[in-house]
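Bear in mind that the values in this text are calculations on the coordinates, not laboratory data. Because the structure is a prediction, the values reported are computed rather than measured. Glycine gets a Cβ as well: all are built from the backbone with ideal geometry, and neighbour counts include every protein chain shown.
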C-alpha cells in the first residue's frame with residue numbers, strides 16, 4: 001500500500017473511531033435524559049396520584065375555603081418544583097411572589113377538595129398578562145385612588161421628620177440626612193406584595209451603594225430587631241428599621257403595604273407610590289438618578 005493509500009486508510013479509521021465516539025456519547029446522553037424523565041415521572045406519580053388539578057378561579061376559591069374550614073396548614077401541603085421535587089413552603093412562595101407573574105402554582109386537591117399539593121411552573125403569556133391586567137384594575141379602584149390622592153398631596157412638601165434606630169442600633173434622623181437622597185419603604189413580614197418588589201429594590205441598593213443615597217425599610221409589625229434582622233439580612237438589602245404602624249408609617253399616612261417614598265437632598269418629598277406596582281417601580285431609579293445629577297442648593 002502506497003503512502004496515499006496509508007493516509008486514506010488512516011483517515012478512514014479515524015473517521016470511524018470519531019463517529020463511534022459521537023454515537024456512544026449521544027447514546028449516553030439519551031440514556032441520561034431517559035433516566036431523568038423516568039425519575040421525574042416517578043415523583044409525579046408518587047406525589048400527585050389520586051389527586052386532580054384545580055382548573056378555575058372558582059374552584060380555587062372553594063378549595064381555599066375548604067382549607068380554612070378544615071384547618072389545613074401549610075405543613076399539610078406538599079410544595080413541589082416543576083420537576084416534582086419537594087420544596088420548602090417559604091422557598092416556593094417566594095419564587096412565585098418575586099417572579100413578576102412569570103411563575104404560577106397549580107393546585108391539586110383530593111376527592112373532598114382538600115388541597116394536598118402545589119406545583120410551581122412557568123406562567124403562560126396569557127396567565128402573565130392576566131396577572132398584570134388584574135393589577136391595573138386594582139389601581140382604578142376607589143381605595144387605590146384614595147391612596148394616590150393622599151400621596152399626591154405630599155409631593156413637593158417637606159417630608160415628616162423622624163428619628164429612628166435600625167436593627168443594629170444605628171440612629172437615623174431625617175434632619176441629619178439632608179444633603180442625601182433618602183428612600184423609604186414601609187412593609188411588614190408576611191406581606192406578599194412587599195416580597196414581590198424586593199428583588200428590584202435590592203438592585204437599586206447595589207446600583208447606588210457608592211452614592212449619597214440612604215435606603216430605609218420600616219417593618220411596621222412591632223417585631224423585635226433580632227427577628228427583623230434574622231429574616232431580612234440575606235434577603236432584603238435596605239437598612240431595616242423595626243417600628244409600629246402607629247409611628248413613622250402613620251406620619252406618612254401609609255394605608256397600603258408596601259409604600260415607598262423618595263425624599264430629596266433638601267428634605268422634600270419627590271416621589272411616592274403604594275402597593276406592588278411594577279408600572280411605578282422604574283420611577284424609583286429615574287427619580288434617584290435625576291436628584292443625584294442636580295447641583296447642591298446654595299446656602
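Modelled spin labels at residue 42 and residue 161, positioned 7 Å past Cα toward Cβ, are 6.9 nm from each other.
Give the calculated FRET efficiency between residue 111 and residue 143 to the nearest 0.05, with a Förster radius of 35 Å applied to their Cβ-Cβ distance.
0.35
A protection proxy built from the mean count of other Cβ atoms within 10 Å ranks the segments 118-130, 211-223, most packed first, as 211-223, 118-130. Ordering 235, 187, 103 from the fewest to the most neighbouring beta carbons within 10 Å gives 235, 103, 187. Label point of residue 229 set 7 angstrom out along Cα-Cβ; within the range 238-266, amide nitrogens under 20 Å from it belong to 238-244. For the peptides 170-179, 72-81, 192-201, the ranking by packing is 192-201, 72-81, 170-179, with the highest mean count of neighbouring Cβ atoms within 10 Å listed first. The share of alpha-carbon pairs in the range 156-222 lying farther apart than 13 Å comes to 71%. Packing here is the average count of other Cβ atoms within 10 Å per residue, and on that basis the peptides 34-45, 258-269, highest first, run 258-269, 34-45. Here the ratio of the Cα radius of gyration of the range 46-138 to 2.2 N^0.38 Å is 1.09. A crude spin-label estimate for the pair residue 56 and residue 286, with each label 7 Å from Cα along the Cβ direction, gives 4.1 nm.
The mean of 1/r over all pairs of different alpha-carbon atoms in the chain, once inverted, gives a Kirkwood hydrodynamic radius of 23.3 Å. Taking the Cβ-Cβ separation of residue 255 and residue 31 as r and a Förster radius of 51 Å, what is the calculated FRET efficiency to the nearest 0.05? Step by step, r from the Cβ atoms, then E = 0.30.
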